[in-house]
Structures are given as C-alpha cells and as structure tokens.
1. How far apart, in nanometres, would the label points at residue 87 and residue 193 be if each is projected 7 angstrom from Cα along the Cα-to-Cβ direction?
2. Excluding residue 84 itself, calculate the net charge of residues whose Cβ lies under 13 Å from the Cβ of residue 84, where each Lys or Arg counts +1 and each Asp or Glu counts -1.
3. Computed over the Cα atoms of region 2-196, what is the convex hull's projected area averaged over all directions, in nm²?
4. Quote to one decimal, in nm, the extra length available between residue 80 and residue 123 on full extension: 0.36 nm per residue of separation minus the C-alpha distance between them.
5. Provide the net charge surrounding residue 145, with neighbours chosen by a C-beta distance below 14 Å and charges set as Lys +1, Arg +1, Asp -1, Glu -1.
6. Between residue 33 and residue 73, what length in nm is gained on full extension when 0.36 nm per residue of separation is reduced by their alpha carbon distance?
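Nothing in this text is a laboratory measurement; each read-out follows from the coordinates by a stated rule. Only a predicted model underlies this, so the values are computations on that prediction, with no experimental measurement involved. For neighbour counting, all protein chains shown are included, and Cβ atoms are generated from backbone atoms with ideal geometry for every residue, glycine included.
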Amino acid sequence: MANWITVSRLPVLVVIILLLSSASPAARLVAAALVIVLIVMDSIDGLVARKRGETSLMGSVLDIMVDRAIELVMWVWYEHLGLIPVAIPIIYIMRGTIVDSLRGLQVRDGRAPFDSQRSRLATWLVKSPWMRTPYAIAKAFAFTVLAVAWALYAYAKRGTLAPSAAQTLHTVGQVLAWLCTVICLVRGLPVIVEHAPALFKTTRTPPEARP
C-alpha cells in the first residue's frame, strides 16, 4: 500500500507540469495546490508504511527514487519557466547522481540508503529529523511559492494584478530555492566524504585466481 502511494506521486507530478505550462492563471494556481498534495503524499506513504509494518529496503529505495525524480523535474521545469537560475538544477543533478550512485553501493550490501553513514555527525546531517524536516519544509515552500508567483505573473499579464506582487513572491521563492540547494549540498557531503574513497581502492586478484 505504501509503495503504491509513493509511485502514485509521479502522475500527480505530470499533472502539475502540464498545469504550470498553461497560460491560465487558474490552472497555475491549481498546480500550486497540487504541489502541496504532492508533498503531503510523501508524508502519508511513510506513515502508512510504519503503521502497516511495510517498511523495507525496497520501500526506502523507491521513496528516494521518486523523491529524486520529483525534485529534479520540478527544479528543471522552474528553470525552464525562468523562475530560478540554471545553476540550481545543475547542482541538484550533479549532487543527486553522485550521492545516489554511492548509496547504491550500500544498497547492494543490503543496507538502506539512509543507514549507510558511519560517523554520528554524518548520520545526524543525513538522517536526523533536525536536518530532514527543515529541508522538506523549505522545499515545500519553495515549490509552492514559485508556482503561486508563476500564477500571479499570469494575472499581472492580464492587467488584473500589479507585477510587483508577483515579483516580490518570485524573489522569496528564489531565496527559498537557494536555501534548499545549500541544505541539499550539506546533507550530501557526508555521503561523498565517507564513501567516495572506496571508488579509488583497487582490489588485486590473487595469481592463482587469474585466468
């Protein structure tokens, strides 16, 4: 059940992108509302998994996979709309590719992605509610504020709203987007520091085992 909720977030994401592509202010506002729904669904799948005892390695990997797909698509699309600078999606794509690849090594060994840290500091930065919750809240506000700002630009274009209102909200959304980017980098750094050195270790094959 929890995994189905997780996967069902992807069709909602597609609808959001289509609505944001519309010239209609109302459609863009609906997109902003669906962004909130998308974020709430992320909390619901975790609650359902814990209540029904459905927590698993596959579930944790699926959750990260969908989260990553959503955030990358949203950042890329906001850049496409001109709401954020291209540096933000580039940073997210690079960070996500590197960190998720390193986490994949741990999943291969049967460890959940968020359980691969070795030090207490790394665990706190990556896994603790003190880091995950502020990041989730900042991302939720950034996605929603940018969507609302995009809707207000449409109203301003029709002459029913002062452009300054949209511009002010847009600025707030950009600040939140950069805040998300900084937190994202901070949370990804421990994974890189702890696991990247393993990529440069060479394993020598004993002479007797060589073909």
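1. Taking the two extended label points, one gets 2.3 nm.
2. Net charge around residue 84: -1.
3. 10.8 nm²
4. That pair, residue 80 and residue 123, stretches by 12.0 nm at full extension.
5. Within the 14 Å Cβ shell, the charges total +2.
6. Here the segment from residue 33 to residue 73 would lengthen by 12.7 nm.
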